[in-house]
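To start, the structure under review is shown below, and the notes come after it.
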Amino acid sequence: MRATPGMLTEREARFLALVAACAPAQGVILEIGSFKGKSTVGLASVAMRYGLGPVITVDPHSGPSVTDPDVGPRGSSWDDFRASLRAAGVETAVDAHRAYSRDLAGGWTRPIRFLWIDGDHTYRGVKDDIDLFRGHLVPGAIVALHDVLHSFEGPVRVFSEELLGSDLFGAAGLCGSIGWAQYRPSDGKRWRNDRLHLRRGVARLIPFVKDGREPKGFAKLRYKLWRGLVPHAAPDPAAWVRAVS
Ligand SMILES: C[S@@+](CC[C@H](N)C(=O)[O-])C[C@H]1O[C@@H](n2cnc3c(N)ncnc32)[C@H](O)[C@@H]1O
């Protein structure tokens, strides 16, 4: 993963690998948003090592990205994505769909054990991604969203409203800018107090990034202060596994 270009930090990359290996559910790993393949390489390496079957990825690899023009490459990221998979030796562990997530969702029938959302960062885009695939989560599955602590409206709002605010989900937290929650439709309310406590800290960030605006001046300072108060340290792997078991 280190050798692959992309936006994940080391602790986020390690956390993704932990979730891919240890999410306590049967089903596939689905990645929405691959860019040049940094997260894909991590997920696929774990899938290969533990015989978890191919990682399904979906990304139009159009460039620049319509939804995220600052992040997209000048041209398509497709060639770089394929080159990353080849260099890491994980080509056979990836089933790549060159499409938008909504197009893949149309014919989707497979149970999901890990849903990794890092595609369209607008509110509509992230909300659609969770709405389109939530019905396919297996009890025990993990949903993770990237860029919850960055200045995009979608990830922070959907994490706060759809995951932390819902009794369909149990344990939840952040590692770096990755917000995650475990799908626990039958007993998620047992974690309600913890989720709502975390939500109070996370929800304070939403007005600062509304409509994809970057906070400026004094607002930026306040945003950074509130953001620093949201717990987002890397979890101890054994403790994390116990929390979701
Ligand atoms: C932040 S990048 C992904 C980074 C990648 N996960 C990594 O580890 O480097 C966002 C990607 O999402 C893709 N994207 C944007 N809208 C999408 C959508 N509706 N469905 C799938 N992918 C989308 C863009 O083409 C872009 O490559």
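Exactly one residue out of ALA21, ALA44, ALA3 is modelled with pLDDT of 95 or more and assigned to a loop (DSSP other than H, G, I, E, B): that is ALA3. Applying the condition of being among the small types (Gly, Ala, Ser) and out of contact with any Gly (no Cβ under 7 Å at 6 or more places or on another chain) to segment 123-143 and asking which residue is nearest to the ligand (Cβ to nearest atom) yields GLY135. Would a scan of segment 153-163 turn up a residue that is over 20 Å from ARG14 (Cβ atoms) and open to solvent by 40 Å² or more (accessible area, probe 1.4 Å)? Looking for residues that are over 20 Å from ARG14 (Cβ atoms) and open to solvent by 40 Å² or more (accessible area, probe 1.4 Å), one finds at least one in segment 153-163, hence yes. Taking the conditions exactly as written (open to solvent by 40 Å² or more (accessible area, probe 1.4 Å) and free of Cβ contacts under 8 Å to residues at least 40 places away in the same chain), does ASP211 satisfy them or not? Judged against the criteria, ASP211 is not a match. For segment 94-105, the criterion of a residue being out of contact with any Lys or Arg (no Cβ under 8 Å at 6 or more places or on another chain), at pLDDT 95 or above, more than 9 Å from the ligand (Cβ to nearest atom) and over 21 Å from GLY42 (Cα atoms) is satisfied by at least one position. Screening segment 34-50 for residues that are within 6 Å of the ligand (Cβ to nearest atom) and of a type outside the set (D, E, K, R) and picking the one that is surrounded by the fewest Cβ atoms within 10 Å (Cβ to Cβ) gives PHE35.
If I filter segment 9-27 for residues that are within 11 Å of the ligand (Cβ to nearest atom), out of contact with any strand residue (DSSP E or B) (no Cβ under 9 Å at 6 or more places or on another chain) and either touching a residue at least 24 places away in the same chain (Cβ under 8 Å) or under 12 Å from ASP118 (Cα atoms) (or both), do I get at least one hit? Yes: one or more hits.
The values are calculated or read from the model by the stated rules, or taken from the named source; none is laboratory data. The model shown is predicted, which means the values in this text are computed figures rather than measured ones. Here Cβ is always computed from backbone atoms with ideal geometry, including for glycine, and neighbour counts include all displayed protein chains. Ligands, DNA and RNA are stripped out before the accessible areas are found, and what is left, the full protein with its side chains, is counted by its heavy atoms. Shrake-Rupley method; radii C 1.70, N 1.55, O 1.52, S 1.80 Å.
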